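All remarks here apply to the structure that follows.
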Amino acid sequence: MATNQLKAAYEAAEKLPLKYQDLIAEKILEEIEEAEWDEWLAQPEISNMMDELEAKAKAQHLAGKTKKYIPGKSLAELFQ
């Protein structure tokens, strides 16, 4: 079920030329994908997992097990 505001936006978009409808649709789909990611990342188990990964990455860096990123170099070049 759509809100009245979403219905009004859809009806207004329908009146535009097709090229603008496609641009608007693309932006809406991008926003939906971002909202889905935000919802997924907000889950407690995912948040905990991300915290653990962050802690592991920091520990590896402090232990000297990371390589400095050099702009313009590929991963293959960095890890030769």
Residue within the range 58-70 that is under 23 Å from the mean Cα position of the chain (by Cα) and either modelled with pLDDT of 95 or more or among the small types (Gly, Ala, Ser) (or both) present: yes
When residues of the range 2-49 are limited to those that are of a type in the set (Ser, Thr, Tyr) and more than 18 Å from the chain's Cα centre (by Cα), the one surrounded by the fewest Cβ atoms within 10 Å (Cβ to Cβ): THR3
Residue among LYS73, LYS68, LYS27 that is assigned to a helix (DSSP H, G or I), without any contact (Cβ under 8 Å) to a residue 40 or more places away in the chain and either under 30 Å from LEU6 (Cβ atoms) or of a type in the set (Lys, Arg) (or both): LYS27
Number of positions in the range 33-65 that are assigned to a loop (DSSP other than H, G, I, E, B) and either on the phi < 0 side of the Ramachandran plot or of a type in the set (Asp, Glu) (or both): 4
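The values are calculated or read from the model by the stated rules, or taken from the named source; none is laboratory data. Everything numeric here is computed off the predicted structure, so don't read it as measured data. Virtual Cβ from ideal backbone geometry, glycine too; neighbours counted across all protein chains shown.
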